[in-house]
1. Considering A:Glu31, A:Glu14, which residue is at pLDDT 95 or above and acidic (Asp, Glu)?
2. If you go through region B:12-33 one residue at a time, do you hit one that is among the aromatic types (Phe, Trp, Tyr) and surrounded by fewer than 16 Cβ atoms within 10 Å (Cβ to Cβ)?
3. Report whether or not B:Ser49 is within 9 Å of chain A (Cβ to nearest Cβ) and touching a residue at least 24 places away in the same chain (Cβ under 8 Å).
4. Inspect region B:66-81 for any residue being free of Cβ contacts under 8 Å to residues at least 24 places away in the same chain and closer than 18 Å to A:Gly43 by Cα and give the result as yes or no.
Amino acid sequence: DAKTTQPTSMDCAEGRAANLPCNHSTISGNEYVYWYRQIHSQGPQYIIHGLKNNETNEMASLIITEDRKSSTLILPHATLRDTAVYYCIVRVGDNYGQNFVFGPGTRLSVLP
Amino acid sequence: DVKVTQSSRYLVKRTGEKVFLECVQDMDHENMFWYRQDPGLGLRLIYFSYDVKMKEKGDIPEGYSVSREKKERFSLILESASTNQTSMYLCASLPLNPGLYGYTFGSGTRLTVV
């Protein structure tokens, strides 16, 4: 599975959009981009995933560049409860039995 | 709402004890995983299972074993607990085709070995 690179930490003002970047320049054509987040002392939580097209759900939007070498997770109106570590993972979508590899992620701090 | 349930949130055990961490999922997922998470080291895979009675070693299996007698239950066993196994343990499940949601994690068990 392709390696990802994320900033170590970011700050965002409450109510503003949080834009979390991820580089995955070696991504293959059949690899999905997944985003998870982990709030302190809890298990990681699925946010969103995509292959080529931009995606949106009730939690966030995922913007994938046309060449698929990078993506951005957008939290449109960040709240204090969005403070967490955010993980970007790329993985073959139907890779039987294979695990997801979690890097260090980006620690997002939403400030009042 | 789909769930992965870990039997204990906090656990304190003595060195040398045999410790069982239980994980149950209600989603009929084929794959189940045990991770440990330590500050600065991220999530590290201990063992995973892709079917009943099947198991595969992850990156750090030493000192651990697992059991999967039923599809919904995946147990992590510390045969003789040691202080360096003090950690947060996370269980996760994954369907055969994870294209939809990927992992579902439990809330974690924070184990302290004294």
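1. Sole residue among the options that is at pLDDT 95 or above and acidic (Asp, Glu): A:Glu14.
2. yes
3. On the way: within 9 Å of chain A (Cβ to nearest Cβ): yes; touching a residue at least 24 places away in the same chain (Cβ under 8 Å): yes.
Judged against the criteria, B:Ser49 is a match.
4. Going through region B:66-81, the residues free of Cβ contacts under 8 Å to residues at least 24 places away in the same chain turn out to be B:67, B:69-70.
Remaining after also requiring closer than 18 Å to A:Gly43 by Cα: none.
No, because not a single residue in region B:66-81 is free of Cβ contacts under 8 Å to residues at least 24 places away in the same chain and closer than 18 Å to A:Gly43 by Cα.
The values are calculated or read from the model by the stated rules, or taken from the named source; none is laboratory data. Everything quoted here is computed from the prediction, not taken from an experiment. Don't worry about glycine lacking a Cβ; one is built from the backbone with ideal geometry, like all the others, and counts go over all protein chains shown.
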